[in-house]
Each structure stands twice: as structure tokens, then as C-alpha cells.
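Structure first, then comments.
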Amino acid sequence: MTFSRAERREPDKGSSQPLFLSLFLLLLAFFIMLNALSTVEQGRSDRVMESVKRAFPSAVRKNIADDPLDADPGQVIGESVRSALGTVFREVLPAVVVEVEASGNPIFVTIPARQVYAPAAGGITPVMEKLAARLAPILNNPPAGSVLDLQILYGVDDAVSQPRREELIFRASETVRTFVDREVDPSVLSAGLEPFDPDSVRLIFRTRPAGASGPALEDGAS
């Protein structure tokens, strides 16, 4: 049988190990925190970019005459209008993305371009025709003292050719005409192109006080 005797440790020997371990864990936590802070959250980044685009619309949105689409952010969209718009899109095209600003104004609706305009089917789709028919009464009857504007923006990418741009301008004007044919006041409608998913069309609803000017359009853009 072998016996061993524990060696006596000098009073200060090994006492630095807990200190080094604590410093190591502290540094590890610090670098984890830095990594977390430096990680880009796509959703938050997208919201920031959207805020920049709304603050400087002339830099990112062009109407069909290639002039800036300028629009005052407007007043808060009331609950009744938000509910009515939500009902229309849930019933006609439930798969679309509807975003409401935290301030209540504006409302963004992203629709696949093929659901709006289909050249093979002859132009404006039955879905867009139905949407226009359902949205027309809402646009024509905003809450007292206010106006409800609608912008129709076709997405383009950086590589869009001039013929393609002209085709999209034509599609945007035809989409606006769909609403005009349903007796929507042309002064509340505007159309254009914006740097966005080229396979998407965005409808942007904004309210403004009655009498205030809406998006600036020139050269018969409607």
C-alpha cells in the first residue's frame, strides 16, 4: 500500500488563479457584448433605411415624368381608415405585406408585380381591378377635414434599362388610370418608380389636411 502525504502549500502560492480566471471571463463578456452590438439586425436596418427614404423622397422616388415625388408626411391615419384598408387587403389579396408606421401615417402595402400588371393577360390584372374597385370608396370618402392620398410605386433596380424604365412608367400610369376610371379624384393619386424589389409594387397611403397639397406631379403624370 502506498501512502502519500499532501504537500503543504506556501501561503501565497496559487492564489492568482481565481484572479486570472475572473479577468478572463470579464474580457470574454466584454468581447461578446461588442460582437452583439456590431451585429446588423436586418429588420432594424431596413426600418432605418425606410426612414431615410421618407425624409429625403427626392433622392429615391421619381414620378413617371422623372420629377421628385414630394409629399408631406401628413396627419395620423385614423383607426377607421386603417381598419377599412386592412379589410380590403385581407379579403382580396391576403398574402400581401401591410406595414403601418408607428406614428400611424403612412401605410405601406407591398404587392407582387404580377398581381398588378400582367402583359400576357393584357395589362391590369383582375386582382388589381378588384382592389381598385374596393379602394375607390375609401379614397373618395376620407374622414372629414382630411384627404387620403395614394402613391403607386413600381420597384426598379440599378441595372434597369431605359426601355424597361419606359415600360414600367407606362404600367404605373395604367395602374393609376384604373383608379381614375372608378371616379377617384386624380389629385389624390400619384405614380412612379423607386429603388425597391423589381418584382414588387408598393401602394402608399397617406393622409393630409384638406386643402394641403399632395405629391407634386408634372407633365400629365396621371
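The values are calculated or read from the model by the stated rules, or taken from the named source; none is laboratory data. Small disclaimer: the values here were computed from a predicted structure and weren't measured. Backbone-built Cβ (ideal geometry, glycine too); neighbour counts: all protein chains shown. Calculation scope for accessible area: heavy atoms of the full protein, side chains included, ligands and nucleic acids excluded. Shrake-Rupley method; radii C 1.70, N 1.55, O 1.52, S 1.80 Å.
Rank R90, R171, R114 by accessible area, highest first, at a 1.4 Å probe radius?
On the way: R90 155, R171 30, R114 175 Å².
Order by accessible area, largest first: R114, R90, R171.
Sort the following peptides by mean Cβ neighbour count (other Cβ atoms within 10 Å, averaged over residues), highest first: 130-137, 172-179.
Values: 130-137: 18.2, 172-179: 21.2.
Highest to lowest by the protection proxy: 172-179, 130-137.
Per residue, how much accessible area does the range 84-172 have with a 1.4 Å probe, in Å²?
Dividing the accessible area of the range 84-172 by its residue count gives 47 Å².
So, taking all protein chains as they sit and a 1.4 Å probe, how much accessible area belongs to L27, in Å² rounded to tens?
Rounded to the nearest 10, the figure is 100 Å².
Express in % the proportion of alpha carbon pairs of the range 145-191 at distances exceeding 17 Å. Intermediate values should be presented prior to the final figure.
Numbers: 437 of 1081 pairs.
Across the range 145-191, Cα pairs with separations above 17 Å total 40 percent.
Using a 1.4 angstrom probe on heavy atoms only, work out the carbon and sulfur share of the accessible area of the range 76-194 in %. Please report the intermediate quantities before stating the final value.
Values: 2850 of 5460 Å².
Of all accessible area on the range 76-194, carbon and sulfur atoms account for 52 percent.
Whose amide H sits under 5 Å from the amide H of I124, counting only residues 5 or more places off or on another chain, with H placed in the peptide plane?
Here A118 satisfy the definition.
Tell me, what is the 1.4 Å probe accessible area of D197, in Å² to the nearest 10?
About 70 Å², ignoring ligands and nucleic acids.
Taking θ = phi - 60°, what integer Hz values does the Karplus form 6.51 cos²θ - 1.76 cosθ + 1.60 yield along the range 168-184, in sequence order, with x for Gly and Pro?
Karplus-based 3J(HN,Hα) across the range 168-184 equals 5, 4, 4, 5, 4, 5, 5, 5, 4, 4, 4, 6, 4, 4, 9, 6, 7 Hz.
What whole-number value in cubic angstrom gives the convex hull volume per residue for the C-alpha atoms of the range 79-216? Kindly include the intermediate steps, with their values, before the conclusion.
On the way: hull volume 15.5 nm³, N = 138.
Once divided by residue count, the hull of the range 79-216 is 112 Å³.
Once both labels are modelled 7 Å past Cα along the beta-carbon direction, what's the I32-V76 spacing in nm?
Placing both labels 7 Å along Cα→Cβ, they lie 4.1 nm apart.
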